[in-house]
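Working notes, beginning with the structure itself.
The values are calculated or read from the model by the stated rules, or taken from the named source; none is laboratory data. What you are looking at is a predicted structure, and each value in this text was computed from that prediction instead of being measured. A quick note on method: Cβ atoms are made from the backbone with ideal geometry, for glycine too, and the neighbour counts reach across all protein chains shown.
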Amino acid sequence: MVIFDKVTSMHYSRLLMKGLQERTALSIPLWLVWITALGIVLVGLGSYGILDNNEGLYAEIPREMLASHDWRQWIIPYLNGLPYMEKPPLLYWLTALSFALFGESEWSARVVPALSSLACVALLLWFGRAVKRPQAGRLAALMFVSGLGVCAMSRMLMFDMLLTALLTAALMCAYLYLSDGHVRFLRLAYAFLAFALLAKGFVALILFGLVIIGFLLSSVRSMMEFLRSTAKLFEPWAVLIFLAITIPWHVAASLTEPFFPWFYFVNEHILRFLGTREPHDYYAGAWWYYLPRMAIYLFPWTFLLLCLFSPSKRICEQDTSKMKRFLWLAWLMPLIFFTLSSAKANYYLVAVMPFVAFHLAAGIERLFLRPSMRAVPGVLIGALAAVLCIVLVMRGEESHFTLSIMGLDQRQFLFWVLSGLTMLAFGCAVIAWRITQIGILVYLALPVWIFVAVSGVLPAIEPLVSTRQLADYLQNQLPGRKAYIYRDFEERSSLPFYLKKVVPVIDSDSSDLFWGNRLRANKVLISGDQFEQKIKRKPVAVVVLNRRLEEFKATHYFNRFLGEKRVGETTVFFK
């Protein structure tokens with residue numbers, strides 16, 4: 001009987017262990033992480049034109065830096081021939097370096113955010129090894145780079161991905177310093193923080209301070225202990241490194257442009273946060289503004305977020321309360337700050353994604369993931385896509401214009417995309433449920449499907465969101481004519497980049513050129529009367545958004561134009 005009990009007990013233990021392994025097994029090969037990351041970030045990086053608005057602005061500034069041969073434009077950047085001091089210069093410097101090395105093109109303009117995204121992948125892998133959670137690091141890297149928001153921001157020239165990489169590195173190094181006391185981590189943290197400040201301003205310093213101070217407060221027992229821990233952060237060499245990196249540009253900018261200190265420190269930081277910045281060219285949303293956007297940014301991993309709140313037992317001794325506190329603070333504090341700010345934007349969210357991904361990955365690695373739980377994301381996504389398909393069919397034809405996407409109109413294309421997503425999601429749910437060795441990794445197929453769909457959409461909508469085709473028409477069909485933009489500079493901001501020259505704006509209502517115009521007497525922003533005088537002297541072409549056509553036709557100089565050509569949502573008038 002004793003022998004039988006022992007055999008039964010051993011058999012039961014083996015079954016239990018097998019069950020636990022089946023539910024918790026997480027083995028992700030490193031090659032899968034890098035193939036996924038490189039494919040999502042780099043494939044087709046230059047296959048679509050520079051986008052109007054933000055991307056057009058940030059591509060034109062480094063182009064003008066290189067073209068100016070004036071060191072002062074490397075200190076105070078210029079946009080379309082006017083000073084532009086809203087952001088610090090690190091992104092412009094790195095993009096100008098890319099242009100100098102590889103030429104001015106779409107993919108070379110996007111190299112910096114692309115490499116920044118890949119740097120975040122490398123940081124998550126490194127941090128996972130450093131805290132003895134390598135599989136969590138690999139899963140976090142996959143979740144981060146395949147999330148819809150990060151995928152988009154990795155392939156768009158903006159500040160936020162560069163800020164994300166540098167701030168993530170600074171916070172990771174600071175955590176390691178506070179965990180093991182090695183001062184080299186603190187010095188690295190301050191170096192990364194300094195470059196983060198040069199990437200997007202003092203928001204980097206604020207976010208870093210909120211996370212680290214919050215972490216210290218949650219880790220100490222008394223105010224004296226908090227003060228002693230805080231004092232250790234001001235190690236002389238670390239502070240010197242920070243100041244040596246950040247001070248030179250700020251001093252040089254203040255000496256080059258006396259208006260810079262008030263504009264940059266007060267208008268762009270304090271007044272923007274309070275919602276009183278001039279001009280008011282940003283969106284102020286409700287307190288819940290970022291919640292649905294978080295779900296979109298993290299898709300398709302959003303439906304696993306409940307893992308963060310599960311009371312299930314831990315299976316990893318390294319999953320300490322200290323690590324959990326840090327991960328919560330590392331993404332919640334920036335999210336709260338962005339929520340409290342009066343200036344809101346979708347792209348701010350990318351800064352919290354690395355730590356959201358690592359937190360979620362650590363939770364998934366820790367939990368007893370039952371097969372049914374692994375299937376939940378696929379079932380929910382499939383059901384949502386099916387509902388959207390039904391709604392699309394029931395709504396009928398309501399479009400005011402038609403796009404041709406891969407030989408289909410936009411409704412047909414969207415129907416097939418949603419139908420494919422429905423079937424793929426349910427298929428992924430079955431695989432995740434039945435095949436433990438693959439598990440939730442199968443959901444990588446969903447962002448790949450969406451990536452392919454978006455790659456088909458971009459060529460069709462390019463005339464609506466970029467001036468690449470418009471510039472080609474102006475250069476090849478209307479050579480010798482000086483181009484002008486009627487009023488809306490931001491919505492055709494990529495035109496100077498493609499024409500390789502400053503484009504004057506008639507009766508401008510541009511927010512981005514507002515302060516440059518006030519600081520410098522110029523011939524870039526001109527009135528209708530000034531433009532009429534120029535028409536008499538040389539042939540011109542005027543770029544007008546179609547929504548401005550009636551307004552343009554009402555001007556006293558409209559009758560001087562004999563020809564017109566529509567390109568996307570823009571009409572070119574010429575004489």
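So that you can scan it fast, the table gives a plain yes or no per residue for (1) surrounded by fewer than 12 Cβ atoms within 10 Å (Cβ to Cβ); (2) under 29 Å from the mean Cα position of the chain (by Cα); (3) outside the structural domain of Phe159 (by TED's automatic domain parsing); (4) of a type in the set (D, E, K, R):
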position: Val203; (1), (2), (3), (4): no, yes, no, no
position: Ile206; (1), (2), (3), (4): no, yes, no, no
position: Ser222; (1), (2), (3), (4): yes, no, no, no
position: Ile270; (1), (2), (3), (4): no, yes, no, no
position: Thr276; (1), (2), (3), (4): yes, yes, no, no
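Condition check: among the polar types (S, T, N, Q) and not in a helix (DSSP H, G or I). Does Thr276 satisfy that?
Numbers: among the polar types (S, T, N, Q): yes; not in a helix (DSSP H, G or I): yes.
Yes; evaluated as a whole, the condition is true for this residue.
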Pair list, Cβ < 7 Å and 6+ apart or interchain, from region 47-70 residues that are farther than 17 Å from Ser511 by Cα to residues that are β-branched (Val, Ile, Thr)
Leu51/Val465; Ala59/Ile50; Pro62/Thr95
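Could you run through region 281-293 and say how many residues are surrounded by 12 or more Cβ atoms within 10 Å (Cβ to Cβ) and without any contact (Cβ under 8 Å) to a residue 60 or more places away in the chain? Steps first, answer last, please.
Just the residues of region 281-293 that are surrounded by 12 or more Cβ atoms within 10 Å (Cβ to Cβ), to begin with: 281-282, 285, 289-290, 293.
Narrowing further to those that are without any contact (Cβ under 8 Å) to a residue 60 or more places away in the chain: 285, 289-290.
Qualifying residue count for the region: 3.
Tally the residues that are hydroxyl-bearing (Ser, Thr, Tyr) and modelled with pLDDT of 95 or more, restricting the search to region 181-227.
Of region 181-227, the ones hydroxyl-bearing (Ser, Thr, Tyr) are 190, 218-219, 222.
Add one more test, that the residue is modelled with pLDDT of 95 or more, and what stays is 190.
Adding up the residues that qualify gives 1.
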For region 256-286, how many residues meet the condition of being at pLDDT below 80 and over 16 Å from Gly516 (Cβ atoms)?
6
Take the residues in region 47-89 that are surrounded by fewer than 20 Cβ atoms within 10 Å (Cβ to Cβ) and either assigned by TED's automatic domain parsing to the domain that holds Met156 or among the small types (Gly, Ala, Ser) (or both); name whichever of them is nearest to the chain's Cα centre (by Cα).
Ser47
Can you name the residue in region 123-150 that is within 21 Å of the chain's Cα centre (by Cα) and among the β-branched types (Val, Ile, Thr) and is also farthest from Arg110 (Cα to Cα) among such residues?
Val145
Is it the case that some residue within region 60-78 is modelled with pLDDT under 95, β-branched (Val, Ile, Thr) and touching a Leu at 6+ places or on another chain (Cβ under 7 Å)?
no
Which one of these is in contact with an Asp or Glu (Cβ under 7 Å, 6 or more places away or on another chain) and among the small types (Gly, Ala, Ser): Ser455, Ser527, Ser508, Ser419?
Ser527
Only one of these conditions is not met by Ile247: (1) assigned to a helix (DSSP H, G or I); (2) modelled with pLDDT of 90 or more; (3) over 21 Å from Phe192 (Cβ atoms). Which number is it?
(3)
Residues (aliphatic (A, V, I, L, M) and under 18 Å from the mean Cα position of the chain (by Cα)) located in region 90-107:
Leu90, Leu91, Leu94
Number of the exception - Lys575 against (1) at pLDDT below 90; (2) loosely packed, with under 13 Cβ neighbours inside 10 Å; (3) among the charged types (D, E, K, R):
(2)
